[in-house]
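Structure first, then comments.
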Amino acid sequence: MKKFFSSPKKDYKKIALIDENLNKITYSTLYKKADQISKHISNNSVALLVADNSFEFIAGYLALMNKNKVIKIILDSSFSNDYIKKIINLYKPKYIFLPKLFELKNVKFEKCKNFKSYRILLRNNKKLKVNYKNFLLLSTSGTTHSPKFVRLSKKNIEDNTKKIIKCLKIKKDHTTITTMPAGYSYGLSIINTHLKSGARIVLNKNSILEKQFWNKIKNFKVNSFGGVPEFYDFLKKIDFSKYICKSLKYLTQAGGKLDEKNLRYFGEICKKNKIKFYVMYGQTEASPRISYLEWKYFFKKINSVGKPLFGYSIKLFKNKKEIKKKNQVGELVIKGENVSLGYANSLIDLNKGDANKKILFTGDLGFKDNENFYYITDRVKRFIKIFGKRYNLNEIENFLKGKGFKIRCKPADKKLSLEMLDKESSSGAIIDILSKKYSINKNYIMISNIKKSFKDYK
């Protein structure tokens, strides 16, 4: 069987990972560890991986990706114990691969196998009837605690990974550093592209506010990193120009729209230091990356998400009719091998095949200019992104309504903005509840005064 990630034997001695303890791990060591883990996982099963940016997780992920008849569900370690238990009850995984430090209470298992910082819990579940074209399941709802997952095929991931490698020209001698959780599509995509290229990954758990992060970039000659808009907002606040390292060759930005002022800030710094800045657009439903803006067009096409990756197409639709004229707003519709199979809300959905037929209605509104560059202007559906995680505003409103609060969520950029519809509710209490429920930093929750009467609330 052809392995999902593989390197020529001549490259086995190359460094694959710098782990969280600054140990250098070769591809040979990584493959051996993956093989050790793989022996404890049988085909015809569902496996849940709780992700963190560690060597053990990468090895476990690699082991499972090499098994075609195992459906993989990945959840980030930031999810609560209760939520993960909810997913276990819904999807009945036979295997649970998780950090030892992660306390999974009141979950029954038959056996436990330890691998340093990780362990595998084996559950004695009945044989499941599932469709193994559902190769990988990723969360699309951020931390909104929805059981909804995107169903991705092996072909989806392989195709998107290869396309990204090609457009960014990722090579064996490149080194990246993790700046985002591996449990989300953008962070995982960076891991995929660099493992597939035989490149090097510095596994990092430090924030950009810590000296250790910049020491890693300098000491390990990091060539690239990626981030969501909030990441770059912080990078600007600490004055990125002070931390430039000669090794940096390119940066990527996705997971939401970075405002023009900040784009120009990073563009000018990158231009001065001969660093390329790639604005990218994607969704988990697209495996995840759809388009990119070539660096040579960065200033000329500021605010654009560029053109689709090679082999993908973007069309615009309004009222179910294709818009062929330039500079007219419509919903972006994607066609390509990267389009997911559909969604899963429970175990029964793992029987499903390809519901999308390689076509994705993104829910994003935008237009195409006279030179065929695409721009995102708004959302059809009521979603926002905070730190690259997507939140359903309807879901949040219904949750607060159930708590007795009269609140309306408003569209906002990079913040959860709410409007109080009565004078009795405590904004402080609402912020506390939302922060705890959805794991949103309180600084990113904004509540404004009442503007309309409750009778206007629908």
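The values are calculated or read from the model by the stated rules, or taken from the named source; none is laboratory data. Fair warning: this is a prediction, and the values are worked out from it, not measured in the lab. Note that each Cβ is placed from the backbone with ideal geometry, even for glycine, and that neighbours are counted across all protein chains shown.
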Here the residues within segment 24-38 that are surrounded by fewer than 16 Cβ atoms within 10 Å (Cβ to Cβ) and touching a residue at least 12 places away in the same chain (Cβ under 8 Å) are Thr26, Ser28, Asp35, Gln36
Scan the strands (runs of 3 or more DSSP E) fully inside segment 236-322 and keep the ones with 1 or more residues being buried (at least 19 other Cβ atoms within 10 Å of the Cβ) and touching a Lys or Arg at 6+ places or on another chain (Cβ under 7 Å). 250-253, 276-282, 289-293, 313-318
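Residue-by-condition table, conditions (1) of a type in the set (A, V, I, L, M); (2) over 27 Å from Ile157 (Cα atoms):
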| residue | (1), (2) |
| --- | --- |
| Ile359 | yes, no |
| Leu365 | yes, no |
| Tyr374 | no, no |
| Val380 | yes, no |
| Ile384 | yes, no |
| Lys389 | no, no |
| Phe405 | no, yes |
| Lys410 | no, yes |
| Ser426 | no, yes |
Exactly one condition in (1) part of a strand (DSSP E or B); (2) touching a residue at least 40 places away in the same chain (Cβ under 8 Å); (3) farther than 30 Å from Phe399 by Cα is false for Ile157; which is it? (1)
The residue from Leu98, Leu64, Leu104, Leu121 that alone is in the same structural domain as Arg151 (by TED's automatic domain parsing), without any contact (Cβ under 8 Å) to a residue 60 or more places away in the chain and within 25 Å of Leu22 (Cβ to Cβ) is Leu98
Hey, can you tell me all the residues within segment 111-124 that are of a type in the set (S, T, N, Q) and surrounded by 14 or more Cβ atoms within 10 Å (Cβ to Cβ)? Ser117
Looking across segment 390-410 at residues that are out of contact with any helix residue (DSSP H, G or I) (no Cβ under 6 Å at 6 or more places or on another chain) and either in contact (Cβ under 8 Å) with a residue 40 or more places away in the chain or of a type in the set (Ser, Thr, Tyr) (or both), the single one that is nearest to Val150 (Cα to Cα) is Arg390
When every residue in segment 323-348 that is touching a residue at least 12 places away in the same chain (Cβ under 8 Å) and of a type in the set (D, E, K, R) is compared, the one surrounded by the most Cβ atoms within 10 Å (Cβ to Cβ) is Glu331
Extreme residue, nearest to the chain's Cα centre (by Cα), among residues of segment 255-275 that are modelled with pLDDT of 95 or more and of a type in the set (A, V, I, L, M): Leu263
Out of contact with any Pro (no Cβ under 7 Å at 6 or more places or on another chain), assigned to a helix (DSSP H, G or I), assigned by TED's automatic domain parsing to the domain that holds Ala51 and within 24 Å of Thr29 (Cβ to Cβ) - does that describe any residue in segment 175-184? no
